[in-house]
Amino acid sequence: MNRKKNNKNIKNRKDNFFKENKIVINKETIVWTYSQWKWDFGFVDVEWIEKWYFVFWRNKNSALDGDTVEASLKVFKWKKEATVEKVLERKQDLIVWKYQEWKDNRFWFVLADNPFIKNDIFVPWKKSLEAKNWDIVWVQVTKWSWKNPEWTIREIIGKEWDKKIKVNSLIIEAWSKLNFPEKVLKSAENIKVEDSTRKDLTNLFTFTIDWEDAKDLDDAISIEEIEQGYKLYVHIADVAHYVTEKSILDIEAYKRATSVYLVDRVIPMLPEKLSNDLCSLNPNTKKLTLTCEMTIWNNWAIKSQKVYESIIESNHRLTYKEVDDILNWDLRKSEKLEKTLKIANQLKQKITKYRKSTWVLDFEFPETKIILDEDNKPVSIKEYPRYESNKMIEEFMISANQAVSMEFSKLPFLYRIHEEPKIEDLAKLQETLNLFWINFVFKNNTTKEFSMLLEQISKLDEAKKMFLEKTILRALTKAVYSKENFWHFGLGLSFYSHFTSPIRRYPDLQIHRIIKEKIAWKLDKKRLLHYENILESVSKYTSDKERKAEKLEYKVRDYFVVQFYKDRVGEEFEATISWVLAKWFFVALSDTSEWFVELKNSQYIEWLQEHHDLSNWNKYRLADKINVKLVEADETMFRLNFEIVCDEK
């Protein structure tokens, strides 16, 4: 790819983004989202350019958390601050606790459970849906004639003491989609499985590999060893066959844009009739699929690829642990399965070796697994297990995504892009590396340089390695969807699209439609123009929904972690200093939980930001092991607060 041309395209795209969203930096005016903080102040968040401008309480001009505002920028004490000039669009939906006070038979006052809502909330009796004291309700702003808004109750969600009411509230506040509308469920139930003319692969030995509790099995694998190398088949559920464009199911899927994976549930993009039944590649059942067939040489070069409609019948439903056990001879299965998995593992090893030679970035951070009991209460927290077969499926899916992206790159298409890091982020990363005496200098800002850096720090002890890997990850940009192909920096690929999960990602479903129309020779000029017109908005919307889903996943995880530790206030733990900010630092516990130590909680601690260290009578540095005491489990902010246990010498 021509780097200069690519940089020019990126600059043009950013300029267009500013124009479309009315962000006028040169006139010191911004239009973006207001975020209320726990106290009276807030911020105007310009996420796309990663800027957050402080708003003093007198300057927020009635803005509520989540409102779209127009703000002016001014310099105060050598820093730019924002003043909200006017609210352009109100965030409509909020979850609140129904308060018990009734005034003159006219108004119910509502107490917000969200600590960021600072305004009084009152609801006229006629708009209260006859809610009772302490009902949890979903409210919407209806009038702004006074300083404080007037609300109407749209739905009564449940009672305060319901087991799942808190998580339900978080879901609706962040996502607004707890259940599917009745008409959507009815549409899914009425789907009829019809015969379809497609390539019959039911005699091809096929299997799925997933987690034990997975229900939406949307990908399956077949593999054959040939003279020059391998023939790899990646079969993906043909969701577009059932979810047609502009149908009730399609409209609902687009609104959701992605499935959300929470501690206690999955919020699916599609009803269970589709995600867990028709489009789940369960064994010994014929299923409609799109197959990406790749011929891969022994040096891992993809010689050819083709995509076609198919019908398969999976022979085995395997788990990651089972596959590892079979490959390690700890579990015996049929000779056919053992031989096929051995071939698959050989190909995985060659792909991994090839990708390392191309300097692909490979991060493997521990993931937190929270175990709940029957009452939805957390009983244990531990690290998710990681198996070699995880890597096998990852490599095969990446191969299919790359092949499909190359095959259809001349058509209007959606890509998964990951742009190169910004110069200012590289400078910050360089400073941190210097603090750790890491002898490394960025010259060309390439994937190879980052991969070489990861290789260099892999020799450090685990705590320092983890900290520096997180620092490197923070220096990278976020991957997003785009109708323009700007390559994928992290994978070092010029072509990359999301093709492999149409059950849970709308962009995958969108490109499946394009692929199917191309295969069926239906992609005429009118349809090409149609996709040209819609793909830009689809990419922006689905990228935004993906970010919101991630925030919700983290928030629900933090809620359950706090619930697990709230009865352990006062206990001491061994922890590792994992991250440092200006007013607090983070410590990581052995169960992968990572939380705050606020400097104001420890009278002996002095922050030396320029050296990234903490000074007590003893000396503490990043990645050091320390003893901490849990002093608060904040059930409002969903965080744990620790203080260092100081032993006087």
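The values are calculated or read from the model by the stated rules, or taken from the named source; none is laboratory data. Just so it is clear, the structure is predicted and the values come from calculations on it, not from any experiment. Don't worry about glycine lacking a Cβ; one is built from the backbone with ideal geometry, like all the others, and counts go over all protein chains shown.
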Any helices (runs of 4 or more DSSP H) falling wholly within the range 394-493 and containing at least 1 residues that are closer than 30 Å to Cys292 by Cα: 447-457
Exclusive hit being surrounded by fewer than 19 Cβ atoms within 10 Å (Cβ to Cβ) and in contact with a Lys or Arg (Cβ under 7 Å, 6 or more places away or on another chain), set Glu189, Glu194, Glu182, Glu160: Glu189
Of all residues making up the range 367-379, the number that are of a type outside the set (A, V, I, L, M) and touching a residue at least 60 places away in the same chain (Cβ under 8 Å): 6
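Taking the range 150-182 as the region of interest, how many residues are among the hydrophobic types (A, V, I, L, M, F, W, C) and part of a helix (DSSP H, G or I)?
6
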Residue that is farthest from Phe205 (Cα to Cα) [pool: residues in the range 334-376 that are loosely packed, with under 12 Cβ neighbours inside 10 Å and among the basic types (Lys, Arg)]: Lys353
Residue list for the range 55-72, filter: within 31 Å of the chain's Cα centre (by Cα), assigned to a strand (DSSP E or B) and not charged (D, E, K, R): Val55, Thr68, Val69, Ala71
Selected residue [surrounded by 14 or more Cβ atoms within 10 Å (Cβ to Cβ) and over 26 Å from the mean Cα position of the chain (by Cα)] from Leu433, Leu331, Leu429: Leu433
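What are the residues in the range 399-431 that are in contact (Cβ under 8 Å) with a residue 24 or more places away in the chain and hydrophobic (A, V, I, L, M, F, W, C), if any? Write out each step before concluding.
From the range 399-431, those in contact (Cβ under 8 Å) with a residue 24 or more places away in the chain are 399-409, 411-422, 425-426, 428-429; that's our starting set.
If the condition is that a residue be in contact (Cβ under 8 Å) with a residue 24 or more places away in the chain and hydrophobic (A, V, I, L, M, F, W, C), then Ala400, Ala403, Val404, Met406, Phe408, Leu411, Phe413, Leu414, Ile417, Leu426, Leu429 are the ones that fit.
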Count of residues meeting criterion [outside any loop (DSSP other than H, G, I, E, B) and more than 19 Å from Asn284 (Cβ to Cβ)] in the range 183-209: 8
Residue within the range 342-358 that is assigned to a loop (DSSP other than H, G, I, E, B), of a type outside the set (A, V, I, L, M, F, W, C), in the same structural domain as Ile236 (by TED's automatic domain parsing) and closer than 30 Å to Asn445 by Cβ present: yes
Every pair of residues 6+ apart whose Cβ atoms lie under 7 Å, when the first sits in the range 384-398 and is in contact (Cβ under 8 Å) with a residue 12 or more places away in the chain while the second is assigned to a helix (DSSP H, G or I) and of a type in the set (Gly, Ala, Ser): Met392/Ala344
Conditions (1) surrounded by 15 or more Cβ atoms within 10 Å (Cβ to Cβ); (2) modelled with pLDDT of 90 or more; (3) aromatic (Phe, Trp, Tyr): number failed by Tyr554: (1)
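Do any strands (runs of 3 or more DSSP E) lying entirely in the range 222-319 carry at least 2 residues that are touching a residue at least 40 places away in the same chain (Cβ under 8 Å), in contact with a His (Cβ under 7 Å, 6 or more places away or on another chain) and crowded, with 22+ Cβ neighbours inside 10 Å, and which ones are they? Lay out the reasoning, then the answer.
Values: elements: 229-237, 286-297, 302-313, 316-319.
Filter on the range 222-319 gives 286-297, 302-313.
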Qualifying residue in the range 526-540 (condition: outside the structural domain of Leu622 (by TED's automatic domain parsing) and touching a strand residue (DSSP E or B) at 6+ places or on another chain (Cβ under 6 Å)): yes
The range 482-504 - residue that is closer than 13 Å to Ser405 by Cα and either aromatic (Phe, Trp, Tyr) or free of Cβ contacts under 8 Å to residues at least 40 places away in the same chain (or both) and, of those, surrounded by the most Cβ atoms within 10 Å (Cβ to Cβ): Phe499
Selected residue [under 20 Å from Asn401 (Cα atoms) and surrounded by fewer than 19 Cβ atoms within 10 Å (Cβ to Cβ)] from Ile519, Ile534: Ile519
Scope the range 186-227; condition over 15 Å from Ile343 (Cα atoms) and acidic (Asp, Glu); matching residues: Glu189, Glu194, Asp195, Asp200, Asp210, Glu212, Asp213, Asp216, Asp218, Asp219
Unmet criterion (only one of (1) modelled with pLDDT of 80 or more; (2) surrounded by 17 or more Cβ atoms within 10 Å (Cβ to Cβ); (3) within 32 Å of the chain's Cα centre (by Cα)) for Trp151: (1)
Subset of the range 281-303 that is farther than 15 Å from Glu225 by Cβ and hydrophobic (A, V, I, L, M, F, W, C) - its residue that is modelled with the lowest pLDDT: Ala301
